[in-house]
1. Given 37 °C and 0.692 mPa s, how large is the Stokes-Einstein diffusion coefficient of segment 1-128 in µm²/s, with Rh as the Kirkwood radius over Cα pairs?
2. How do the peptides 51-57, 81-87, 119-125 rank, highest first, by the average count of neighbouring beta carbon atoms within 10 Å per residue?
3. With the cut-off at 1.5 for a/c, could you classify segment 41-92 from its C-alpha gyration tensor as rounded, prolate or oblate?
4. How much length, in nm to one decimal, is gained on full extension between residue 85 and residue 106, taken as 0.36 nm per residue of separation minus their Cα-Cα distance?
5. Using only Cα atoms, locate the centre of segment 2-69 and the centre of segment 81-116, then give the distance between them in Å, rounded to an integer.
6. Given H placed 1.01 Å from N in the peptide plane, which residues other than close sequence neighbours of residue 73 have an amide H under 5 Å from its amide H?
7. Place a label point 7 angstrom from the Cα of residue 53 along the Cα-to-Cβ direction, then list the residues of segment 65-101 whose backbone nitrogen is under 16 Å away.
8. Given contacts defined as C-alpha pairs under 8 Å and at least six residues apart, what's the relative contact order of the chain, whole-number percent?
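The values are calculated or read from the model by the stated rules, or taken from the named source; none is laboratory data. Quantities reported herein were computed from a predicted structural model and do not represent experimental measurements. Counting neighbours? That spans all protein chains shown, and the Cβs are built from the backbone with ideal geometry, glycine included. These accessible areas exclude ligands, DNA and RNA; they are computed on the full protein's heavy atoms, side chains included. Shrake-Rupley method; radii C 1.70, N 1.55, O 1.52, S 1.80 Å.
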Amino acid sequence: MKPSKFRNLNDFLDFLPESELEIVLVLRELVIECMPMAKEKLSYNVPYFKLNKNVCFIWPASVLWGNKPSYSGVRFGFTQGYLLKDELNYLDKGTRKQVYWRDFISLEEIDSIVLKSYLFEAIQIDSQTKKNT
């Protein structure tokens, strides 16, 4: 079932199947731990985390972009991913020029140390941008 626009984060979380919910909650906690000052807001029906600009997002496959799922699990994306060094080749780039991501199908796939290092780099990159007024 494709959701209409979620009214709030609780509606979003209530919609998710258990397998995606567990991953979303762990990823969300990592973001909040690394960026406690970030503003979280639903955009495109999924949580985005913003400092000066949008830094990252969490996009479960059950929240569709279009009419059918194009991946499985939960996508964790960096809106300015192209600016990250990514020496580990950890992020997927696809054919995108700016947004890079990593898909997680299970909790065991989440390497919190690696993901935190990417988050801290993304925070550093964001700190070099001016706030939109």
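1. 221
2. Most protected by this proxy first, the peptides run 51-57, 119-125, 81-87.
3. Cα axes put segment 41-92 in the oblate bin.
4. Value of the extension gain: 5.0 nm.
5. 16
6. Correct list: 61.
7. Output list for this probe position: 77-85, 97-101.
8. 24
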